[in-house]
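Enquirer: One structure coming up, written as structure tokens, with questions to follow.
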Amino acid sequence: MAKLLVIAEHRDGKLSVATLELCRVAKEIAPALGLEPAAAVFAKDDSIAKEVANYIPEVFVVADPAVAVYTADGYTQAAKAVVEAKDVKGVLIPHTYDGVDYAAKVAMAINAGIVSNVNKVVVEGGKPVCTRNIYNGKLQETKTISTDKFVISIEKGAYDPAEAGAAGSVTAVSASFGPIRTKVKEVVSTSTGGVDISQAKIIVSGGRGLKDADKYKATVIPLAQKLGGEYAGSRPVIDSGWTEPSRQVGQSGKTVTPDLYLALGISGAVQHVAGMKGSKCIVAINKDPEAPIFNIATYGIVADLFEVVPALMEKL
Ligand SMILES: Cc1cc2nc3c(=O)[nH]c(=O)nc-3n(C[C@H](O)[C@H](O)[C@H](O)COP(=O)(O)OP(=O)(O)OC[C@H]3O[C@@H](n4cnc5c(N)ncnc54)[C@H](O)[C@@H]3O)c2cc1C
């Protein structure tokens, strides 16, 4: 049977959560498309492939020095090899920095239609129907892909990760690589404190409503620590130096999908919301009842945060 293929993302020997989210999507929609769910891993060896096989029944691995580190050319050529060798009709790619870089190249290479930055896929009439945000999240659009082959890039956090099950098979696929036009010379971590807020389950995030660095530090950080979570901020908080850049949430910062996102004195500008709207539960405290953050908040508290947070700390 033809395949619906997830392309795995990994770095430094670690599999991304986004890959597991796509495994869930593949298993959910493959039957209605008449396809079998599978994944492909491009790496120096098959260790990551064995890990992915816990989440999806079949894994193809291109183990080659050409894909030991990510490059768009390397991944595109490896993807084409698997698509051709294994009768792949659909490809799912995480909509991450790497995914944005190479998804359209894969679509070109395999002559497929593509919809990117998707947050929901269903199947109607045997075709994938993709929903995605446009105009910075102000509108949503739905697109059906009618080409024989398709590529879909899916936003991080749009789906829960697949649960591990019985180990699937791992099969090697060989690829002959042409020129790879970029060379990774060095990978530099931008994280100053070693904190990756994108993996946090609880985030307390502060905005300009905190007024200054001292109040941010005295309000947001203790509450985050009390809840066993991470602290973060909107862009003005970062630009003003109240906390480090790796903790910025939003379009030009990190995308986060915690179980709880507590927004303190954040108005809810589209650029901020773009980075946290996938949170499972959003609690907003803002003294302006018209603040746009209340449009997406699960719970909204219209009040002065400097009254609510001390009361909350006392209760906790
Ligand atoms: C290209 C581009 C990229 C951007 N990227 C990002 C990004 O990645 N992340 C990001 O956050 N922004 C980003 N921005 C900026 C964004 O447009 C907003 O300016 C920013 O998110 C606003 O931050 P804020 O909510 O903290 O501040 P404000 O919009 O000033 O909101 C402060 C809020 O605090 C409330 N408040 C004040 N005092 C209190 C109090 N005592 N108690 C309770 N509430 C109170 C006010 O009612 C107000 O709603 C970007 C902008 C551009 C143009």
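Enquirer: For residue 88, list long-range residues whose amide hydrogen, built 1.01 Å from N in the peptide plane, is under 5 Å from its own amide hydrogen.
Expert: Those lying under 5 Å, H to H, from residue 88 are 3.
Enquirer: Same structure again: So for the stretch 3-172, averaging the separation of alpha carbon pairs under 8 Å that are six or more residues apart and normalising by length, what relative contact order in percent results?
Expert: Answer for the stretch 3-172 is 29 percent.
Enquirer: In a shell of Cβ-Cβ distance under 10 Å around residue 105, excluding residue 105 itself, what net charge do Lys and Arg (+1) and Asp and Glu (-1) give?
Expert: That works out to -1.
Enquirer: Taking the stretch 1-100, how many lysine pairs are there with alpha carbons less than 19 Å apart, if each pair must be eight or more places apart or span two chains?
Expert: Eligible lysine pairs with Cα atoms under 19 Å apart amount to 13.
Enquirer: Turning to a different aspect of this structure: From the backbone phi of the stretch 54-70, what are the Karplus-calculated ³J(HN,Hα) couplings (6.51 cos²θ - 1.76 cosθ + 1.60, θ = phi - 60°) in whole Hz, Gly and Pro given as x?
Expert: Using θ = phi - 60°, the values come out as 6, 10, 8, x, 9, 10, 9, 10, 9, 9, 7, x, 5, 10, 4, 10, 5 Hz.
Enquirer: Kirkwood hydrodynamic radius for the chain: how many Å is it when counted over pairs of different Cα atoms?
Expert: For the chain, the Kirkwood estimate is 20.8 Å.
Enquirer: In degrees from 0 to 90, rounded to the nearest 10, what is the angle of the helix 97-110 Cα long axis to the longest principal axis of the chain?
Expert: So the helix axis and the longest Cα principal axis differ by about 30 degrees.
Enquirer: Turning to a different aspect of this structure: Per residue, what accessible area does the stretch 3-172 have, given a 1.4 Å probe and all protein chains present, in Å²?
Expert: 43
Enquirer: Okay, moving on. What ranking of 14, 149, 27 comes out by heavy-atom accessible area, probe 1.4 Å, highest first?
Expert: Highest to lowest solvent-accessible surface, that is 14, 27, 149.
Enquirer: Can you give the angle from 0 to 90° between the axis of helix 72-85 and the longest principal axis of the chain, with both taken from C-alpha atoms, to the nearest 10?
Expert: 50
Enquirer: Defining a contact as two alpha carbons under 8 Å apart and six or more residues distant in sequence, what relative contact order in percent does the stretch 197-315 show?
Expert: 24
Enquirer: On each of the three principal axes of the Cα atoms of the stretch 34-166, give max minus min coordinate, whole Å, ordered largest first.
Expert: Result, largest extent first: 42, 33, 27 Å.
Enquirer: Continuing with this model, one more query. In straight Cα distance, which lysines are under 19 Å from residue 280, not counting same-chain residues fewer than 8 positions off?
Expert: Partners within reach: 120, 156, 201, 254.
Enquirer: Rank 290, 155, 36 by mean-square fluctuation in a GNM of the chain with C-alpha springs under 10 angstrom and give only the top-ranked residue.
Expert: Of 290, 155, 36, the Gaussian network model singles out 290 as fluctuating most.
Enquirer: Additional query: Which whole-number value in Å² is the accessible area per residue of the stretch 197-315, probe 1.4 Å?
Expert: 46
Enquirer: Just to be sure I understand: with springs between alpha-carbon atoms less than 10 Å apart, which residue in 160, 148, 98 has the highest mean-square fluctuation in the Gaussian network model of the chain?
Expert: 148
Enquirer: Here's a follow-up. Measure off, as a whole percent, the carbon and sulfur share of the 1.4 Å-probe accessible area of the chain, all protein chains present.
Expert: Ligands and nucleic acids excluded, carbon and sulfur give 51 percent.
Enquirer: Next question, about the same structure. Taking N as the number of residues in the stretch 197-315, what is its Cα Rg relative to 2.2 N^0.38 Å?
Expert: Cα-based Rg divided by the globular estimate yields 0.91.
Enquirer: Please state the relative contact order of the chain as a whole percent: Cα pairs under 8 Å, 6+ residues apart?
Expert: 15
The values are calculated or read from the model by the stated rules, or taken from the named source; none is laboratory data. These figures come from a predicted structure and were not determined experimentally. Cβ coordinates were reconstructed from backbone atoms using ideal geometry, including for glycine residues, and neighbour counts include every protein chain displayed. Note: accessible area is taken over every heavy atom of the protein model, side chains too, but ligands, DNA and RNA are not part of it. Shrake-Rupley method; radii C 1.70, N 1.55, O 1.52, S 1.80 Å.
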